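The values are calculated or read from the model by the stated rules, or taken from the named source; none is laboratory data. Here the structure is a predicted model, which means the values were calculated and not measured. Reconstructed Cβ throughout: ideal geometry from the backbone, glycine too, with neighbour counts over all protein chains shown.
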Amino acid sequence: MYALIMAGGSGTRLWPCSREACPKQLLGLLSESTMLQEACQRIMPLVPSDRIFVVTNEACTDVVRRQIPQVPTDNVIGEPEGHGTGPCIGLSALYLRRLDPEAVMAVLTADHYIEKADELRRALGAAAQVAEEGHLVTLGIEPNRPATGYGYIQRGEKSAQANGYDVYRVEKFTEKPDLTTAQAFIESGRYYWNSGMFIWKVSTILREFEKLMPQLYAQLMEIDAALGTAEERAVLERIWSKVENETIDYGVMERADEVAVIPVDIGWSDVGSWATLFELLPADGEGNVVVGQHIGLDTKGCLIHGFHRLVTTIGLEDMIVVDTEDVLLVCPKERAQEVRDLVKKLKESGKDEYL
């Protein structure tokens, strides 16, 4: 098995700590290790470091290589620009195919929190068995609440068992639902959160690209012909500027025939916002999560995050306060998802120095 860790997201909902030059996966938000380092540490008992690949933004390749020196330098792939998970995975598959055309490829991300690493590795081992038979496999997270911020996978009939896990055919993928729909999904017992983790053979996923995303596949083949030559980088940059944005979910998974889901309970979170981070970090007696220095009066249920100075508060409840060297963010916890919209407004206002 080979592992591909996607580390190219911008993490705008965790702004102002997550910036273009140093997005959330390169930060130590949950521990002293960065999220990328934790992702590598989780998988290494199953996959040796020379079989771990990381794909990131070209501008971040040097930082990534410094953070994970155990991973060979050539295993860090730099995208000239981000075009979604579809092209990202397709490009990475070309590099893996050159090492082993029939390799099993586990696609993971650098910005997930996973409490039960042993369980994840055991599930990946089961998924690899199913992938060897030509299936596209995804891990479905057993939901514990009707979350509206995640996509859902509806299971069909049970098709197999692997390594103690039940394996189901995928009936349908559903994008982020409203609360009523999410509640109905939970009550049915047939839906799982879409983890964004996938397992397949390199040969299988490239055949699916050829069948379902023929334009991208043709572009990938042009790049493939230049790999290992002096023209590799120039060809990649030329072709990549023409690649269209697409997710692997819409481009392949929602339209492929042989798709399987393995339900897992691994203590998963996508660490997608400050509100999510609040749920994952320990709180004090007043229900506050404090990173840095804070003194407060009548302050409850807040996330206070700041290392650069003492943060003081009076009369706050269920708020987020993030203090950096050049930006102060204050917002209600229930509106944490809107930080992404705030970043868009900064771009429109020409405040690029804060991005």
Single residue of Ile314, Ile320, Ile304, Ile295 found to be surrounded by 14 or more Cβ atoms within 10 Å (Cβ to Cβ), farther than 22 Å from Gln25 by Cβ and of a type outside the set (Phe, Trp, Tyr): Ile304
Residue under evaluation Tyr250, criteria (1) surrounded by fewer than 21 Cβ atoms within 10 Å (Cβ to Cβ); (2) touching a Leu at 6+ places or on another chain (Cβ under 7 Å); (3) under 30 Å from Lys211 (Cα atoms), criterion not met: (2)
Where Ala106 falls short, out of the listed (1) under 24 Å from Gln215 (Cβ atoms); (2) buried (at least 19 other Cβ atoms within 10 Å of the Cβ); (3) in contact with a Leu (Cβ under 7 Å, 6 or more places away or on another chain): (1)
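Hey, among Cys40, Cys88, which residue is free of Cβ contacts under 8 Å to residues at least 40 places away in the same chain and closer than 19 Å to Gly196 by Cα?
None of the others qualify; the one that does is Cys40.
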Residue match in the stretch 69-83 (condition: closer than 28 Å to Glu119 by Cα, modelled with pLDDT of 95 or more and assigned to a helix (DSSP H, G or I)): yes
Hey, Lys116 free of Cβ contacts under 8 Å to residues at least 12 places away in the same chain and either more than 24 Å from Glu58 (Cβ to Cβ) or surrounded by 21 or more Cβ atoms within 10 Å (Cβ to Cβ) (or both) or not: no
Qualifying residue in the stretch 1-23 (condition: over 15 Å from the mean Cα position of the chain (by Cα), among the hydroxyl-bearing types (Ser, Thr, Tyr) and buried (at least 21 other Cβ atoms within 10 Å of the Cβ)): yes
Any hit, the stretch 35-58, residues being under 20 Å from Gly292 (Cα atoms) and crowded, with 22+ Cβ neighbours inside 10 Å: yes
Only one of Gly151, Gly140 that is buried (at least 16 other Cβ atoms within 10 Å of the Cβ), in the same structural domain as Asp257 (by TED's automatic domain parsing) and at pLDDT below 95: Gly151
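If you go through the stretch 201-234 one residue at a time, how many are in a helix (DSSP H, G or I) and either out of contact with any strand residue (DSSP E or B) (no Cβ under 8 Å at 6 or more places or on another chain) or without any contact (Cβ under 8 Å) to a residue 24 or more places away in the chain (or both)? Outline the logic, then answer.
Step one: filter the stretch 201-234 for residues in a helix (DSSP H, G or I), giving 202-212, 214-226, 232-234.
When the remaining residues are screened for being either out of contact with any strand residue (DSSP E or B) (no Cβ under 8 Å at 6 or more places or on another chain) or without any contact (Cβ under 8 Å) to a residue 24 or more places away in the chain (or both), the result is 203, 206-207, 209-212, 214-226, 232-234.
The qualifying residues number 23.
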Within the stretch 24-34, considering residues that are hydroxyl-bearing (Ser, Thr, Tyr) and surrounded by fewer than 23 Cβ atoms within 10 Å (Cβ to Cβ), the one farthest from Phe278 (Cα to Cα): Ser33
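Assigned to a loop (DSSP other than H, G, I, E, B), touching a helix residue (DSSP H, G or I) at 6+ places or on another chain (Cβ under 9 Å) and more than 23 Å from Leu280 (Cβ to Cβ), is that true of Pro101? Can you show your working first?
Details: assigned to a loop (DSSP other than H, G, I, E, B): yes; touching a helix residue (DSSP H, G or I) at 6+ places or on another chain (Cβ under 9 Å): yes; more than 23 Å from Leu280 (Cβ to Cβ): yes.
Yes.
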Whichever residue in the stretch 6-37 is assigned to a helix (DSSP H, G or I) and closer than 21 Å to Phe198 by Cα and, among such residues, is modelled with the lowest pLDDT: Gln25
